[in-house]
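All of the numbers you see were taken from the coordinates with simple rules; none came from a lab. Source: prediction; values computed, not measured. Backbone-built Cβ (ideal geometry, glycine too); neighbour counts: all protein chains shown.
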Amino acid sequence: MPSADSLHSLQALRIAFTYDCQSEWLALGYSAEQCAEFDSDETIEGIAMSLRKLGTVEMVGGLKSLTKALATSKPNWDIVFNICEGIGGIGREAQVPALLEGWGIPFTFSDSATLALCLDKAKTKVSAPLQI
């Protein structure tokens, strides 16, 4: 693991932070139950504070905000730190990774295919013949 001193000698990253904020969805009229998996303002700010130790952080927000950012500018992000849960549909967690994959932008955590599969619990239990 790199030391704090070695982290400071690295070039600062340009990080975009995608997330679903519970308070924002509640303000749009969604119920507490519909927003249960979304993060609190405090959690999002805590993660952002940690990311700022590595460089600049653009607080993007969820899928619609990301779509707008991509359509209206040419982002020069080094990486997207993605914790979006999404809303609606079996592949909701895969929406932001799929969009980022389409734009060729690197991001954290699983790819869209993995997330879509893992949300479909029945498909995760299907066993395929072992290929040797």
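Provide, for q = 0.19 Å⁻¹, the log10 of I(q)/I(0) from a solvent-free Debye sum over equal Cα point scatterers in the chain.
Debye output, listed in q order: -1.13.
Suppose every Lys and Arg Cβ carries +1 and every Asp and Glu Cβ carries -1, with no other charges. What dipole size does the chain come out with about its Cα centre, to the nearest 20 debye?
420
Rounded to the nearest 500, what is the chain's calculated 222 nm mean residue ellipticity when only DSSP H runs of at least 4 contribute -39500 (n - 2.57) each, over all residues?
One gets -11000 deg cm²/dmol as the mean residue ellipticity at 222 nm.
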